[in-house]
Structures are given as structure tokens and as C-alpha cells.
Amino acid sequence: MDFGEIKGLYDDYVLSTYTRTDLCLVKGEGVWVWDTNGKKYLDFFPGWAVSGIGHRHPKVLARLEEQLAKILHVSNNFYNELQGTLAEKIIEYSFPGKVFFSNSGAEANEGAIKLARCYGKGKRYEIITMEKSFHGRTLATLTATGQDKVKVGFSPLPEGFKHVPFNHIDAFLAAITEKTVAVILEPIQGEGGVNTADVKYMKDMKKICEEKDILFIVDEVQTCMGRTGKMFAYKHFGISPDAMTLAKSLGGGLPIGAMVVSEKIKDVLGAGSHASTFGGSPIVSAAALGVFDAIEEENLLENVAKMGDYLVSRLREMKGRFEIIGKIKGKGLMIGVELNIGDASIIAEDCMKEGLLINCTQKNILRIMPPITVNKTDIDLALEKLSKVLEKV
Ligand SMILES: *Cc1c(COP(=O)(O)O)cnc(C)c1O
């Protein structure tokens, strides 16, 4: 099928809830993807970080092939061979506790919201979240999200959510009432423009939460699996959360989400209180174990630190040459480049024409999140393409 036919089918049969770019990707390998015309692109925003270790990573494929020969799905009323191993792996890299598996980030956060409500026992139910945050598109998670644009048309929204400015401890303190049960925040806001929490802010917040018995929940849906140079981004801040949510990169391209809860609250949700038909099935668990294999066996956390430094230093160099480049933000390979223009989406579009996929968020922030397997040659090539585009502005 050519692109016109493919687009035609979408026009006729697929709900138009997305702003879609005229590009159909048919093949992916590592940091590269190909479109219907055989044109190849360097993918520095692989599926909103889903293909975090690159497309079709051999370690993921190996785990999948092994599992494909056995069984794809097992109901959660039975045991499957891999879900427990994956949960153990996640706990090994985070904090003592337990894991619930879902299919997406929103669903993981929905679980965390339900957990917080149960923890509050009907007396406390207010959840504090951050302005410019993003937590998903279900009714509860879009209410938790600190951006009005995702809420338009969906009233009445569930009660009990409050938004405060990010990185303002006083605003957080002021928002707490006797009904507050939890705070949910991204250690580094993704959709919000790649805004990193201050270490002191996270530490102060954790301390306040401990004093007031408020659950400290981190949304690591975008920052997980090595994206920032640690397996989970909260580890940069010298704190440990009461719960965290994962998705995107966790499945190496397959849909899986997880809510990880600490010892203290591992019994809040008991049998019959929460469920997800597909959650943690053998096939997605196999893929996620493949992601851990890759990160461990290929020292990818080290690679993120090195390549993140290299990418940022090259961007700083470019900042000297291009007045349009403002602040360079982020951690590891989660990088935001502020552009001093009203609308930077045209830059992302022009990069696409040059064969480089990146994202633009909050109007003027270029979001660059290459696969964590990326090397210097890939980065040099990507920045050559970006420079070419910026020269024309
Ligand atoms: C993408 C994202 C979500 C939502 O995940 P879905 O899988 O799209 O439901 C939630 N939180 C953060 C921080 C995200 O980046």
C-alpha cells in the first residue's frame, strides 16, 4: 500500500483524536526507521520513548522468540512463568515492595490513584499534582494532569485533585489539608517541557510527606529504564518514593505498565480490589525482561551518562553559533532545547524532512530522547541535520 491509501483508510475509519504527521513508518532497526517510500530517518524520539533501547532490540527479540513458542497470554487468576521474575527485577532496581502490572502509563497512574484513595480510608482523598505535569488521558489521570488543554469537554471531573507550581515547596506546603493523602509528580516533567525537579525540593517534599503521612508517588512513565542515566530517575534525588509508576520504555516496544509500591503500602490493595486482564502477560513480561537484559549486558546506563554529556556539550557548542538556541535542559538522554521563537514545531517538521525525528513540546521546547543505545556517530549525524535546519531559520 502506498502512503495515500494508508492515509485514506485512517481518514475513513480511524477516530481523529490525534494530530498526525504525514509519515507512515514501516520498519525500524536500532536508531533507524524507514517510511513507505524507503526513506530512512534517525529516530531521536522513538515512539515517545517507548522504543527506549531502539527498535527491535536483539535482546528483546530473543526473549520474545523464546516465549512465542510457548504461550502468549495467561489470565491473572493463574500464574505465569515470567511475571514474578519481572517484578523481582523491578524491585531489585528500586525499593523493597511489590508490583502490579497494567498495559499503559495512564493505567499505572490510575492504579496509584486508587491505591492512594484506599490508603486514605475515605477520610483523606486529596491528591496534589504539579502544574504542567502529564499523567495520562483516562478521566482520573487527565484530572491529575496539570494542563487545562487535556480537560476541555470532559466535565464533571473526579473530585480531589489540586495542582501546585513545580519546584515550589511553599506552594506544596500551602496546598496540604487534613484531607491530603498523596502527591504525584514526575522527577523530570516530559510533556511539560523537560523540567527537572530540584534535589532539595524532592528531599523537602519527601520529609514533609513522611511527617504528615502523605504518600510520595513518582510518575516514571517517561523517565524509567535508564532514560536519565539511572534505571529510575528518582535515584538522582537521594530519596525513595512510596510508589512509582512505569510504562513506555519498560516493554521494549510492547504495551506494559507497572505500579510499584513500597513495603509500607503493599497490602493496601488486596484480592479483588484491582485488576487488568492483559496485565503482565507472559509475552509482554518477556519483552520487558529483554529490556533489562540489554541495559545490564550492554552497560547502557553508562552509555546514557557518556552520550548525554556528549550530546549536551555539542548542543552548547551549537548555542554559540545559533542565537535561536536558549536553555538546554534535562538529564542523561532526556534533553530539552528551548528555542527563542514562538512556535518550534516547524523546526521538528523540517528536521523530519532532513531525516531526523525529534519532538516539540510546550510550543518552543525541542525534546530530544534518542534510544539509550545511541553512539557518537549517530549524535553527530543528528546534530548535523538539526544545524542544517536551524541555519535556514
Ligand atoms: C506518556 C505518559 C503517561 C501516559 O502514558 P500512556 O501509556 O499514554 O497512558 C503518563 N505519565 C507520563 C509522565 C507520561 O509521559
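If you project the alpha carbons of the range 164-250 onto the principal axes, what extent comes out on each, in Å, largest first?
Computed over the range 164-250, the largest-to-smallest principal extents equal 37, 23, 20 Å.
Report the calculated FRET efficiency for Val14 and Arg56 (r = Cβ-Cβ distance, R0 = 25 Å), to the nearest 0.05.
The pair Val14/Arg56 has a calculated efficiency of 0.50.
Relative contact order of the chain: what whole-number percent is it, with Cα pairs under 8 angstrom and at least 6 residues apart? The partial results should precede the final answer.
On the way: 773 pairs, mean separation 87.9, N = 393.
That works out to 22 percent.
Considering Cα pairs under 8 angstrom that are at least six residues apart, work out the relative contact order of the range 185-240 and quote it in whole percent. Write out the running numbers ahead of the final one.
Values: 52 pairs, mean separation 21.5, N = 56.
The value is 38 percent.
Give the accessible surface of the chain per residue, rounded to a whole number of Å², with probe radius 1.4 Å and ligands, DNA and RNA excluded. Don't skip to the end; give the middle numbers.
Details: 17940 Å² over 393 residues.
Each residue of the chain exposes 46 Å² on average to a 1.4 Å probe.
State, as an integer percentage, the relative contact order of the range 233-343 based on alpha-carbon contacts under 8 Å between residues 6 or more apart. Kindly include the intermediate steps, with their values, before the conclusion.
Details: 94 pairs, mean separation 18.1, N = 111.
Relative CO of the range 233-343 lands at 16 percent.
Out of the total accessible area of the range 73-195 (probe 1.4 Å, heavy atoms of protein only), what percent is carbon and sulfur? Before the final figure, lay out the partial values.
On the way: 3160 of 5670 Å².
The C+S portion of the solvent-accessible surface of the range 73-195 is 56 percent.
Can you give the Kirkwood hydrodynamic radius for the range 82-142, in Å, rounded to one decimal and based on Cα pairs?
13.3 Å
Given points 7 Å out from each Cα along the Cα-Cβ axis, report the Glu5 to Tyr310 separation in nanometres with one decimal.
It is 4.2 nm.
Provide the packing ranking of 170-180, 306-316, 282-292, 242-252, i.e. peptides ordered by the mean count of other C-beta atoms within 10 Å per residue, highest first. Working shown, then result.
Numbers: 170-180: 14.5, 306-316: 17.3, 282-292: 24.7, 242-252: 28.5.
Highest mean packing first, the order is 242-252, 282-292, 306-316, 170-180.
Working from the alpha-carbon coordinates of the range 254-393, get Rg over Rh, Rh being the Kirkwood radius.
Here Rg/Rh amounts to 1.10.
Sorting check: for 35-43, 149-157, 75-83, which peptide has the highest mean count of neighbouring beta carbons within 10 Å, and how do the rest follow? Show your work: numbers first, answer last.
Values: 35-43: 16.4, 149-157: 9.7, 75-83: 13.7.
The peptides rank, most packed first, as 35-43, 75-83, 149-157.
Counting every Cα pair in the range 112-180, what percent are over 21 Å apart?
On the way: 572 of 2346 pairs.
Value for the range 112-180: 24 percent of Cα pairs lie more than 21 Å apart.
What nm value, rounded to one decimal, do you get for the distance between Asp267 and Asp204 when each label is placed 7 Å out toward the C-beta?
3.6 nm
Counting only the backbone N, which residues of the range 313-333 are under 14 Å from the spot 7 Å out from the Cα of Asn340 toward its beta-carbon?
Backbone N within reach: 319-328.
Probe radius 1.4 Å, ligands and nucleic acids left out: which of Cys24, Cys118, Cys351 has the largest accessible area, and how do the rest follow?
Working: Cys24 30, Cys118 65, Cys351 0 Å².
I get Cys118, Cys24, Cys351, largest accessible area first.
Which lysines does Lys206 reach when only Cα atoms under 19 Å apart count, and residues fewer than 8 places away in its own chain are ignored?
Counting by Cα, and skipping residues close in sequence, Lys206 has these lysines nearby: Lys162, Lys179, Lys235, Lys264, Lys266.
Please list the equivalent ellipsoid semi-axes of the chain, computed as the square roots of five times the alpha-carbon gyration tensor eigenvalues, in descending order and whole angstrom. Before the final figure, lay out the partial values.
Working: eigenvalues 212, 137, 88 Å².
Equivalent ellipsoid semi-axes, largest first: 33, 26, 21 Å.
With equal scatterers on the alpha carbons only and no solvent term, can you work out the Debye log10 of I(q)/I(0) for the range 275-339 at 0.18, 0.24 1/Å?
-0.74, -0.95
Sort largest first and round to whole Å: the equivalent ellipsoid semi-axes of the range 71-225, each the square root of five times a Cα gyration tensor eigenvalue.
27, 19, 17
Over the range 1-118, what lengths in whole Å, largest first, do the semi-axes of the equivalent ellipsoid take, defined as the square roots of 5 times the eigenvalues of the alpha-carbon gyration tensor? Don't skip to the end; give the middle numbers.
Numbers: eigenvalues 219, 84, 52 Å².
Each semi-axis is the square root of five times an eigenvalue, giving 33, 21, 16 Å.
Could I have the simple spin-label model distance between Glu131 and Leu72, label points 7 Å from Cα toward Cβ, reported in nm to one decimal?
Result for the modelled spin labels: 4.7 nm.
State the percentage of accessible surface on the range 277-393 attributable to carbon and sulfur atoms; use a 1.4 Å probe and exclude ligands, DNA and RNA. Spell out each step's value before the answer.
Working: 2340 of 4850 Å².
Looking at the range 277-393 in its full context, I get 48 percent from C and S.
Using a 10 angstrom cutoff on alpha carbons, build the Gaussian network for the chain and name the most mobile of Gly122, Gly146, Gly28.
Checking each option, the largest mean-square fluctuation is seen for Gly122.
The values are calculated or read from the model by the stated rules, or taken from the named source; none is laboratory data. All values reported here derive from a predicted model rather than from experimental measurement. So basically every Cβ, Gly included, is an ideal-geometry build from the backbone, and we count neighbours across all protein chains shown. When the accessible area is computed, the model is the full protein with side chains, heavy atoms only, and any ligands, DNA or RNA have been set aside. Shrake-Rupley method; radii C 1.70, N 1.55, O 1.52, S 1.80 Å.
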